[in-house]
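Data block below; observations after.
The values are calculated or read from the model by the stated rules, or taken from the named source; none is laboratory data. Computed from a predicted model, the values in this text were never measured in an experiment. For neighbour counting, all protein chains shown are included, and Cβ atoms are generated from backbone atoms with ideal geometry for every residue, glycine included.
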Amino acid sequence: MKANKEKVIKYLHMAQGQLKGIERMIENDEYCIDISNQLMASTALLKKINNEILSSHLKHCVLHASEEEKEQKIKEIAEVINRLDK
């Protein structure tokens, strides 16, 4: 993986903290909308992490691939994009 590992790990730790906080909120029967807002924030953070990884993949793995490898890598990216739309 060529993504900025420190940045990705930092964001993953943040997401883990958010998820633990959400778990506590559920255990404490907190307000549903507050829980939902925290879930959306966690989802946004995970999307940010994924964007960092995919961007790095394009800049390094796809850009520096051989011509025949590029076709496969572009196909993989297209499949990921299709899954993101769902």
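Is it the case that Lys75 is exposed (fewer than 12 other Cβ atoms within 10 Å of the Cβ), of a type in the set (Lys, Arg) and not in a helix (DSSP H, G or I)?
No, not satisfied.
Does Ile35 count as farther than 19 Å from Ile81 by Cβ, surrounded by 14 or more Cβ atoms within 10 Å (Cβ to Cβ) and either touching a strand residue (DSSP E or B) at 6+ places or on another chain (Cβ under 9 Å) or not acidic (Asp, Glu) (or both)?
For Ile35, the condition - farther than 19 Å from Ile81 by Cβ, surrounded by 14 or more Cβ atoms within 10 Å (Cβ to Cβ) and either touching a strand residue (DSSP E or B) at 6+ places or on another chain (Cβ under 9 Å) or not acidic (Asp, Glu) (or both) - is met.
For Glu69, indicate whether it is among the acidic types (Asp, Glu), out of contact with any Pro (no Cβ under 7 Å at 6 or more places or on another chain) and surrounded by 13 or more Cβ atoms within 10 Å (Cβ to Cβ).
The answer is no for Glu69.
I need the full set of residues from segment 57-66 which are surrounded by 13 or more Cβ atoms within 10 Å (Cβ to Cβ) and not in a helix (DSSP H, G or I), in order please.
Scanning segment 57-66 gives a single hit, Ala65.
Looking only at segment 14-21, decide whether some residue is of a type outside the set (Val, Ile, Thr), under 13 Å from the mean Cα position of the chain (by Cα) and surrounded by 15 or more Cβ atoms within 10 Å (Cβ to Cβ).
yes
Are any residues in segment 1-33 over 26 Å from Leu54 (Cα atoms) and either modelled with pLDDT under 95 or not in a helix (DSSP H, G or I) (or both), and if so, which ones?
Across segment 1-33, the qualifying residues are Asn28, Asp29, Glu30, Tyr31.
Looking at segment 1-13, which of the residues that are without any contact (Cβ under 8 Å) to a residue 40 or more places away in the chain and over 12 Å from the mean Cα position of the chain (by Cα) is surrounded by the fewest Cβ atoms within 10 Å (Cβ to Cβ)? Can you show your working first?
If we filter segment 1-13 for residues that are without any contact (Cβ under 8 Å) to a residue 40 or more places away in the chain, which is where we start, we get 5-6, 9-10, 12-13.
Next cut, over 12 Å from the mean Cα position of the chain (by Cα) only: 5-6, 10, 13.
Numbers: Lys5: 10, Glu6: 8, Lys10: 12, His13: 10.
The extreme case among them is Glu6.
Hey, any hits in segment 42-52 for a residue that's touching a helix residue (DSSP H, G or I) at 6+ places or on another chain (Cβ under 8 Å), under 19 Å from Gly17 (Cα atoms), of a type in the set (D, E, K, R) and surrounded by 14 or more Cβ atoms within 10 Å (Cβ to Cβ)?
Yes, there is a match, as at least one residue in segment 42-52 is touching a helix residue (DSSP H, G or I) at 6+ places or on another chain (Cβ under 8 Å), under 19 Å from Gly17 (Cα atoms), of a type in the set (D, E, K, R) and surrounded by 14 or more Cβ atoms within 10 Å (Cβ to Cβ).
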